[in-house]
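Structure first, commentary second.
Nothing in this text is a laboratory measurement; each read-out follows from the coordinates by a stated rule. Since this is a predicted model, take the numbers as computed values, not measurements. We place every Cβ from the backbone using ideal geometry, glycine too, and count neighbours over all the protein chains shown.
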Amino acid sequence: MGDNNFYSRVYNAVCLIPRGKVATYEQIAVIAGNGRAARAVGNALHKNPSPGVVPCHRVVNAKGRLAPHFAFGGVNVQKQMLESEGVIVQDNMVDLEKYQMR
């Protein structure tokens with residue numbers, strides 16, 4: 001059950017992203033123990049069993065783009081959730097220089 005273990009590590013890593021910040025899929029993959037598993041992070045987040053608890057809306061791609069197929073309501077919902085936390089989203093992009101978790 002390596003997949004389930006990895007998914008658990010992904011969910012734990014996503015919970016480390018502070019309100020008002022974002023992380024990239026690759027960042028989460030590194031924190032979860034496999035820096036080459038960015039796509040697997042996306043798969044894990046698409047199956048997030050606790051969307052109200054695990055803040056998957058805070059994960060963006062390497063360029064700061066929101067998920068075009070955000071699993072929990074689409075890109076507009078992801079945008080609204082980030083904006084409600086003070087993250088400015090323009091053209092479905094987040095400024096990683098300003099908002100990326102370090």
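Remark on F70: its backbone amide H falls under 5 Å from those of V75, a criterion applied only to residues 5 or more positions apart or on other chains, H modelled at 1.01 Å from N. One decimal place: the segment E26-N92 gains 21.9 nm when fully extended, by the rule 0.36 nm per residue minus the C-alpha distance.
Taking 0.36 nm per residue of separation and subtracting the Cα-Cα distance, full extension of the segment from R102 to N76 would add 6.8 nm. Estimated from helical segments only, the mean residue ellipticity of the chain at 222 nm is -11500 deg cm²/dmol, where each DSSP H run of four or more residues counts as -39500 (n - 2.57).
A convex hull fitted around the alpha carbon atoms of segment 49-96 yields 75 Å³ per residue. Calculated FRET efficiency, R39 to S8, Cβ-Cβ distance, R0 = 25 Å: about 0.90 to the nearest 0.05.
Note that segment 93-102 has calculated 3J(HN,Hα) couplings of 10, 10, 6, 5, 4, 8, 10, 6, 4, 9 Hz, one per residue in order, obtained from phi through the Karplus relation 6.51 cos²θ - 1.76 cosθ + 1.60 (θ = phi - 60°); glycine and proline are x. For segment 2-99, the residue among Y7, P51, V87 whose Cα projects farthest onto the positive side of the dipole built from Cβ charges is Y7. Computed with the Debye formula from one identical point scatterer per Cα of the chain, without solvent, the log10 of I(q)/I(0) at q = 0.18, 0.22 Å⁻¹ comes to -0.75, -1.14. Placing +1 on the Cβ of every Lys and Arg and -1 on the Cβ of every Asp and Glu, with nothing else charged, gives the chain a dipole about its Cα centre of roughly 160 debye.
Between the amide H of R65 and those of V94, distances stay under 5 Å, these residues lying 5 or more places away or on another chain, with hydrogens modeled in the peptide plane.
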